[in-house]
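Written out below as structure tokens is the structure these notes cover.
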Amino acid sequence: LVFTEEDKYSLYSNLLFKYFLAEGIVCGHDLFVASAKEHPDNILKELPAPLLDDSYGKELGDEAAAVKSEDFQDSMKIAWRYQNLPKMEASPTNYTKFGHYYDVSKKMSPELRQSVKWHSFYLHEELSFEPKMKAWNMNSGYARLLQSIQRIISQEGFDGSDPQKKQRNVLRIGIQSLGSILWGDDVCCSDTPEDPHSLTKFLFVLRGLLRKSLSACIITVPAHLIQNKAIMERVTNLSDMVVGLESFIGSERETNPLYKDYHGLVHVHQIPRLNSLICDASDTKDLAFRLKRKLFTIE
């Protein structure tokens, strides 16, 4: 369960969300996309185009070269004591075969998009079909979403506890802006919400579903709107990986010369560690991202 704290205008968290779904399509995984904000069909139409062959170098040649020359200029400026520290970067200048690169200036082709099976959950359509329901003593939007995920896990053969007849696959679940007022939850509206436990109950049941099935889930949450720190603590404890995106738009960091090449920071709050009581702490605390014409990179 990957929990992503949205940046203030959800520009970059949406991009990360789309990367996760696009990677699923390229790997041939089934998708389940849930949103209360924009229709899942529209989200899927906006996925970035993958660079599948080795001509990615020509595609991104100009940008990779620009990154290299910038790095060279930076290395001339960097103080000598930082010179030998390893620099983490995710640009195709050091291409690895793990995962794929995407061109954010182009949309994924409809043929590739239709090559996998995908399921969508759009809250406003779901609520108009049936009267409100309150299962598991949580708000009706969350209850209906859990029922939908549960149904797909059992019917489509992702249930790990059930011996499968057909070839195994992975289900990728993407849930957009969970906890926002559009889901009928008021945790973003006040310090003392009327319904402080629906979100944590939802995550608890969801994590149980993920643990017994062949699935992975990414959730984006407008965490900057949740003032109640106790709720955020619980949500963090119920997630495996927690990443926060901080955009420089509208902040004083936008004009800070230190960050002139970047568009925001990536805060890795929690990394999963298997068979352990405590979570791993990341060694690298200073990660930043930049969005170029074609590339979204984290360095």
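The values are calculated or read from the model by the stated rules, or taken from the named source; none is laboratory data. Everything numeric here is computed off the predicted structure, so don't read it as measured data. Cβ placement follows ideal geometry from the backbone for every residue including glycine, while neighbour counts extend to all protein chains displayed. What goes into the accessible areas is simple: the full protein's heavy atoms, side chains included, and nothing from ligands, DNA or RNA. Shrake-Rupley method; radii C 1.70, N 1.55, O 1.52, S 1.80 Å.
Some points to look at:
- Within the range 196-223, considering residues that are part of a helix (DSSP H, G or I) and of a type in the set (S, T, Y), the one nearest to Y19 (Cα to Cα): T200
- Whichever residue in the range 224-244 is of a type in the set (A, V, I, L, M) and open to solvent by 10 Å² or more (accessible area, probe 1.4 Å) and, among such residues, is farthest from F20 (Cα to Cα): A230
- Residue selected from the range 249-299 under the condition over 22 Å from G99 (Cα atoms) and among the small types (G, A, S), by the criterion modelled with the lowest pLDDT: A281
- Considering the range 151-200, and only residues there that are out of contact with any helix residue (DSSP H, G or I) (no Cβ under 6 Å at 6 or more places or on another chain) and among the basic types (K, R), the residue that is farthest from N14 (Cα to Cα) turns out to be K165.
- In a residue-by-residue description of the range 214-225, the property of being in contact with a His (Cβ under 7 Å, 6 or more places away or on another chain), modelled with pLDDT of 95 or more and of a type outside the set (D, E) applies to no position.
- Breaking point among (1) modelled with pLDDT of 95 or more; (2) over 30 Å from D30 (Cβ atoms), for L245: (2)
- S154 being at pLDDT 80 or above, out of contact with any Pro (no Cβ under 7 Å at 6 or more places or on another chain) and either surrounded by fewer than 19 Cβ atoms within 10 Å (Cβ to Cβ) or part of a helix (DSSP H, G or I) (or both): yes
- Looking only at the range 2-14, and only at residues there that are of a type in the set (A, V, I, L, M, F, W, C) and either at pLDDT below 95 or open to solvent by 40 Å² or more (accessible area, probe 1.4 Å) (or both), the one that is nearest to P50 (Cα to Cα): L11
- Among residues of the range 159-187, those that are closer than 20 Å to M138 by Cα, assigned to a strand (DSSP E or B) and either among the charged types (D, E, K, R) or open to solvent by 20 Å² or more (accessible area, probe 1.4 Å) (or both), counted: 0
- Pairs, first buried (at least 23 other Cβ atoms within 10 Å of the Cβ) in the range 210-223, second among the basic types (K, R) and part of a helix (DSSP H, G or I), C-beta under 9 Å, six or more apart: C217/R207
- Reported count of residues in the range 245-266, each being closer than 22 Å to Q176 by Cβ and buried (at least 16 other Cβ atoms within 10 Å of the Cβ), is 7.
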